[in-house]
1. Being exposed (fewer than 14 other Cβ atoms within 10 Å of the Cβ) and at pLDDT 95 or above: is that true of V153 here?
2. Could you grab the pairs with beta carbons closer than 7 Å, sequence gap of 6+ or different chains, first residue in region 14-37 and over 17 Å from S57 (Cα atoms), second one part of a helix (DSSP H, G or I)?
3. Might you let me know whether region 121-135 holds any residue that is within 22 Å of G33 (Cβ to Cβ), among the hydroxyl-bearing types (S, T, Y) and either part of a helix (DSSP H, G or I) or at pLDDT 95 or above (or both)?
4. Could you please find all residues in region 162-180 being more than 17 Å from D25 (Cβ to Cβ), touching a strand residue (DSSP E or B) at 6+ places or on another chain (Cβ under 8 Å) and touching a residue at least 40 places away in the same chain (Cβ under 8 Å)?
5. Which of (1) over 30 Å from N176 (Cβ atoms); (2) under 16 Å from the mean Cα position of the chain (by Cα); (3) not in a helix (DSSP H, G or I) does F118 not meet, given it meets every other one?
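The values are calculated or read from the model by the stated rules, or taken from the named source; none is laboratory data. Owing to the predicted nature of the structure, the values given are computational and were not obtained by experimental measurement. Methodologically, a virtual Cβ is constructed for each residue, glycine included, from the backbone with ideal geometry; neighbour enumeration extends over all protein chains shown.
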Amino acid sequence: MIHPEDQARAFGTWDNPTARLMYHDIMELALSGVDTSGRVADYGGANGLLKQWIPHSLSVDYDQSKHPDIAEDIMSHVGEYDLIVLRYVMHYMTDAEVLRLFRHVASFHEGRLLVIQFVNDDLVSKYANSIGETKYFRDDDDTRALVSLDWMVQARRFYDYTVDADFYRLRLNHPNPSSHDERIVIYELTKK
């Protein structure tokens with residue numbers, strides 16, 4: 001499914017403090033201590049924003065309007081990589097789809113998996129702000145359970161912040177959004 005609310009090539013480039021934090025500022029923490037020198041794939045990498053930090057990374061996404069390096073579905077794409085990054089991908093998928101993706105990656109990938117995902121303790125507010133889109137938001141515990149079922153957690157980092165209302169006005173044209181607390185969790189994983 002293509003997600004028009006992602007705004008194709010403009011994805012993650014919104015001029016807003018929350019968007020800057022999520023898609024730019026958090027990357028120093030997310031990549032801290034992570035070896036990015038080898039072959040890196042950005043699964044669900046949309047328009048290639050990860051290249052700002054890892055210029056040699058390859059974006060893999062089925063949405064051709066975002067001009068990924070490899071236009072394929074991450075649920076079936078296979079490649080030889082040292083690191084696969086999943087940045088803000090899990091909320092597009094049901095739990096069963098997330099598990100299927102993680103098992104697919106484990107079936108061929110011998111390297112590390114870096115997951116960067118926002119989580120919400122206040123799911124009522126998150127869903128109320130997320131109009132005009134179908135997403136599958138999770139709290140921290142549910143996300144941890146999904147990532148650690150078939151993978152070993154080598155490192156976990158997190159950052160708490162507040163999503164400002166303007167983020168939803170810009171991204172989703174929400175007429176009356178509200179601010180709410182959120183957390184970005186970063187998992188560095190290896191295969192069990």
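1. yes
2. W14/L170; W14/R171; N16/D166; N16/F167; N16/L170; T18/F167; A19/F167
3. Checking region 121-135: not a single residue is within 22 Å of G33 (Cβ to Cβ), among the hydroxyl-bearing types (S, T, Y) and either part of a helix (DSSP H, G or I) or at pLDDT 95 or above (or both).
4. Within region 162-180, H180 is the sole residue that qualifies.
5. Checking F118 against (1) over 30 Å from N176 (Cβ atoms); (2) under 16 Å from the mean Cα position of the chain (by Cα); (3) not in a helix (DSSP H, G or I), the one that fails is (1).
Each row is one residue, and each column tells you yes or no for (1) among the charged types (D, E, K, R); (2) assigned to a helix (DSSP H, G or I); (3) in contact with an Asp or Glu (Cβ under 6 Å, 6 or more places away or on another chain).
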| site | (1), (2), (3) |
| --- | --- |
| A106 | no, yes, yes |
| T162 | no, no, yes |
| D166 | yes, yes, no |
| P177 | no, no, no |
| Y187 | no, no, no |
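Yes/no per residue for (1) more than 17 Å from the chain's Cα centre (by Cα); (2) among the aliphatic types (A, V, I, L, M):
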position: E28; (1), (2): no, no
position: V34; (1), (2): no, yes
position: D42; (1), (2): no, no
position: I54; (1), (2): no, yes
position: S59; (1), (2): no, no
position: Q64; (1), (2): yes, no
position: Y81; (1), (2): yes, no
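This table checks each residue for (1) aliphatic (A, V, I, L, M); (2) surrounded by fewer than 21 Cβ atoms within 10 Å (Cβ to Cβ).
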| site | (1), (2) |
| --- | --- |
| V78 | yes, yes |
| V85 | yes, no |
| D95 | no, yes |
| S107 | no, yes |
| Y127 | no, yes |
| T143 | no, no |
